[in-house]
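Please read the structure below before turning to the comments.
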Amino acid sequence: MEELKRAVAKEALKFIEDDMVVGLGTGSTTAYFIEYLGKLIMEEELEDVYGVPTSYQARLLALEYGVPVVNLDEVDAIDIAVDGADEVDPYLNLIKGRGAALTMEKIIEYRAGTFLVLVDESKLVERLGQKMPVPIEVIPAAWRAIAEELEVFNATAELRMASKKDGPVVTENGNFILDARFHRIDDPLDLEIELNNIPGVVENGIFADIADIVLVGTREGVKRMER
Ligand SMILES: O=C(CO)[C@H](O)[C@H](O)COP(=O)(O)O
């Protein structure tokens, strides 16, 4: 699996050119991409490339591997954003947010001229929600009210607990994450909008209609899905 992740991360470098501002995603696949991008910058094969990190993880990796970092409010535009995903359906709708960075990821990826997604073949599903719950970032005081509200959607929600900290995961925005399992997601775009309408929801991990290209690492090589 690590080999497949490395292969898509390498392939993604072909999309990066001099003078680009690049959104840097979060997760293990994007970590390889940031490492390889840093190498090209250090070897001066790419010039004047800047990264806009979607998380502390992306920021730290960029600093470690030599990708110059800028903040979202310092750039006029983002040429391309590169990030992983937890599920991809045949229409290029995604579930993201296992790393709890979904809000900043969506802000940056929505703004990018091209959103390039890197996955291995285990992430491909026929229908979103088949394997993974939908992460929802919520204002802490509202977590229980929102979990109850989700019953209207026929979903069961669990407060995500931390593993190296007592209590819940706290996002980089100071919020909690609910992982919601839906009985069936027929219309990802509609559900994405509906979830964001619940008071107290900051953002949710359905990324419908936003990915432009998905690179899929398979045992037969890297395949490309495009709209
Ligand atoms: O959405 C994410 C983080 O919030 C990640 O991009 C997603 O979880 C995929 O991660 P990985 O490449 O480690 O499988």
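The values are calculated or read from the model by the stated rules, or taken from the named source; none is laboratory data. Note that the structure is a prediction, hence the values are computed from the model and not measured. Here Cβ is always computed from backbone atoms with ideal geometry, including for glycine, and neighbour counts include all displayed protein chains.
The table that follows gives values for the structure above.
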item: Leu128 within 16 Å of the ligand (Cβ to nearest atom), closer than 26 Å to Arg224 by Cα and outside the structural domain of Val82 (by TED's automatic domain parsing); result: yes
item: From the options Glu64, Glu74, Glu137, Glu105, residue that is among the charged types (D, E, K, R), free of Cβ contacts under 8 Å to residues at least 12 places away in the same chain and either more than 23 Å from Lys223 (Cα to Cα) or not assigned by TED's automatic domain parsing to the domain that holds Ile34 (or both); result: Glu74
item: Residue match in the range 141-157 (condition: within 27 Å of Phe33 (Cα to Cα) and among the hydrophobic types (A, V, I, L, M, F, W, C)); result: no
item: Subset tally (residues that are in a strand (DSSP E or B) and crowded, with 20+ Cβ neighbours inside 10 Å) for the range 194-210; result: 5
item: Asp79 under 23 Å from Phe207 (Cβ atoms), more than 16 Å from the ligand (Cβ to nearest atom) and without any contact (Cβ under 8 Å) to a residue 12 or more places away in the chain; result: no
item: Residue check, Ile177 outside any helix (DSSP H, G or I), touching a Lys or Arg at 6+ places or on another chain (Cβ under 6 Å) and either within 13 Å of the ligand (Cβ to nearest atom) or assigned by TED's automatic domain parsing to the domain that holds Asp19 (or both); result: yes
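Conditions (1) among the aliphatic types (A, V, I, L, M); (2) in a loop (DSSP other than H, G, I, E, B); (3) under 13 Å from Ala31 (Cα atoms), marked per residue:
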residue: Leu61; (1), (2), (3): yes, no, yes
residue: Leu92; (1), (2), (3): yes, yes, no
residue: Glu105; (1), (2), (3): no, no, no
residue: Arg127; (1), (2), (3): no, yes, no
